[in-house]
Amino acid sequence: MSSAPSPPNPRRWKALGLIALAQFMVIMDTSIIGVALPQMQTDLGFSQENLSWVFNAYVIAFGGLLLLGGRLSDLFGAKRVFSAGWAVLAAGSLVAGLAGEVWVELVGRAVQGAGAALIAPAALTLLMMLFGGNPKELTKAFALYGAAAPAGGTAGVFLGGVLTEYASWPWVFYVNIPIALLVLALTPALMPSAPPRRGSVDFLGATAVTAGLAIAVYAIVRAPETGWGAARTWLVLGAGALLLVAFVALQARRREPLMPLRIWRAPNLAAANVAQLLLAAAWIPMWFFLNLYLQQVLGLGEFAAGSALLPMTVAIMVMMIVLAPRLIARFGPNPLVVAGMLVLAAGMFWLSLVRPDGTFWADVLPASLVAAAGMSLAFIPSLGTAVSSARPEEGGLASGIVNTSYQVGSALGLAAMTAVAASRGAQELGNPAALTDGFSAAFLGAAAIAAAGAVIAWLTLRPAPAPEAAAEPAGAEQDKPRTAEAR
């Protein structure tokens, strides 16, 4: 049975506002701490090498627990899990803001990530419940939802600079609490409800996939320090890979798995998730190193650097909301994914030409707007394809998978490009020429990832099935007799 209501929900557009706010907040929390890190390092006593874990603790918990969040959303109802996620996020924000020691800060950040892992898949499931019955409205809803992600990333940098400069670093965490309370107050009236389903949670599978992803990301993040050729790096990567293989083996044997492997028989699900992973692996390093170039080479302050990213954010939001839905309606999603990846690659190649004595107007603004156009074209159709390919009753799982793909791509892409930048001199603070060489190499590497994503999308994404066929995803016929038992 479809979880999307037959008559349109009269409050669906107001509910979409909360869903977009959820996407905005979970992405903002990955970036808002950037400007605050030096003050946190001084006050809490972080070492230089451990400071990055203020970012990584959130991303690893977020990416590692998303599949569990999607499963819980399917079993207990997206509305309940959505509310629970906001409560957990608020609690983690309070702990992180009050922290007086390193380990307490990292625990708070990990709890924030766990809350985000509940919010994100539940939010996408609620979006599908509200708009899944109307393809035209669904495209518009995805556009608004998708525009919230880059807006959250850039707003985090800007807001982090304002709060750190005019208040203090704990406020980059406290800002989440009143927003969470507002969402918790509005959710009961605005969000659709679905009855809970009978089933169990595969906690062993959840442990295996979370630990596997966390260990793999840990190895990639630490590789620039330990060395890519070091035995320790490859041993840790191997351990993460073994856990992920064990997770897949568990899913094949479990009666009620965390991730039923049959979901991958849905047309385009795997291809769209690969596109999202590579899109994040290209976009996040570009945003990260562009912020460093603005501050460490061009000499802009925290507030000015955050302001310099606003044109890119505005461009993304306008193109995602106004242009992308019209292009999807005319050309379909697949050509836009390929074209968007190519445009993104072109924009980042342009950024790789930055100069030590460059300017914002010549070296940053035009190239960043081209990159923003590419992100706008590719993000919405690949996200929509990934979520809509699955059955409605597995919407939470599909949402968890695509969010996992994006977060893991973010962490792996940033770690790999950090290593590339470091190898070309990006660690030589105070040397604009060396820093620029390192950042340029990272932009070029990110451009290569985006170009590879365009080729892979062109080779793997298939035309959408006819409407009557789309109602029955691949494998549905074989699985029908087992659905009630499996759920």
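Evaluating ALA390 against the criteria (1) of a type in the set (A, V, I, L, M); (2) over 16 Å from ALA143 (Cα atoms); (3) assigned to a helix (DSSP H, G or I); (4) within 20 Å of the chain's Cα centre (by Cα) leaves one unmet condition, (3).
For ALA151, the criteria (1) at pLDDT 90 or above; (2) surrounded by fewer than 24 Cβ atoms within 10 Å (Cβ to Cβ) hold in every case but one, which is (1).
Here THR313 fulfils each of the conditions (1) under 19 Å from the mean Cα position of the chain (by Cα); (2) surrounded by fewer than 19 Cβ atoms within 10 Å (Cβ to Cβ); (3) of a type in the set (Ser, Thr, Tyr) apart from (2). Of all the listed residues (LEU269, LEU300), the sole one being under 28 Å from ASP437 (Cα atoms) and either at pLDDT 80 or above or touching a Cys at 6+ places or on another chain (Cβ under 9 Å) (or both) is LEU300.
Out of all the residues in region 284-299, is one or more within 29 Å of THR359 (Cβ to Cβ), without any contact (Cβ under 8 Å) to a residue 60 or more places away in the chain, assigned by TED's automatic domain parsing to the domain that holds ALA346 and surrounded by fewer than 21 Cβ atoms within 10 Å (Cβ to Cβ)? The answer is yes, given that some residue of region 284-299 is within 29 Å of THR359 (Cβ to Cβ), without any contact (Cβ under 8 Å) to a residue 60 or more places away in the chain, assigned by TED's automatic domain parsing to the domain that holds ALA346 and surrounded by fewer than 21 Cβ atoms within 10 Å (Cβ to Cβ).
When you look at LEU106, is it assigned by TED's automatic domain parsing to the domain that holds ALA180, assigned to a helix (DSSP H, G or I), surrounded by fewer than 24 Cβ atoms within 10 Å (Cβ to Cβ) and touching a residue at least 40 places away in the same chain (Cβ under 8 Å), yes or no?
Here the answer is yes, as LEU106 does meet what is asked.
So, in region 416-439, of the ones that are small (Gly, Ala, Ser) and crowded, with 22+ Cβ neighbours inside 10 Å, which residue ends up modelled with the highest pLDDT? Among those residues, the one meeting the criterion is GLY438.
In summary, VAL35 fulfils each of the numbered conditions (1) surrounded by 22 or more Cβ atoms within 10 Å (Cβ to Cβ); (2) assigned to a helix (DSSP H, G or I); (3) of a type in the set (A, V, I, L, M); (4) more than 18 Å from the chain's Cα centre (by Cα) with the single exception of condition (2). ALA398 falls short on exactly one of the conditions (1) touching a residue at least 60 places away in the same chain (Cβ under 8 Å); (2) farther than 19 Å from ALA116 by Cβ, and that condition is (2).
Put simply, of VAL322, VAL354, VAL370 the only residue that is over 24 Å from GLY445 (Cβ atoms), more than 20 Å from the chain's Cα centre (by Cα) and of a type in the set (A, V, I, L, M) is VAL322. For THR164, the stated conditions do not hold, so it cannot be described as surrounded by fewer than 21 Cβ atoms within 10 Å (Cβ to Cβ), part of a helix (DSSP H, G or I) and polar (S, T, N, Q). Checking ARG253, ARG330 one by one, the residue that is without any contact (Cβ under 8 Å) to a residue 60 or more places away in the chain, over 24 Å from the mean Cα position of the chain (by Cα) and under 26 Å from LEU397 (Cβ atoms) is ARG253 and no other. Given the options THR233, THR187, THR139, name the one that is part of a helix (DSSP H, G or I), over 21 Å from the mean Cα position of the chain (by Cα) and under 24 Å from GLN23 (Cβ atoms). On inspection, the qualifying residue turns out to be THR187.
The values are calculated or read from the model by the stated rules, or taken from the named source; none is laboratory data. Note that the coordinates shown come from a computational prediction; the quantities given were computed from them, not determined experimentally. Cβ coordinates were reconstructed from backbone atoms using ideal geometry, including for glycine residues, and neighbour counts include every protein chain displayed.
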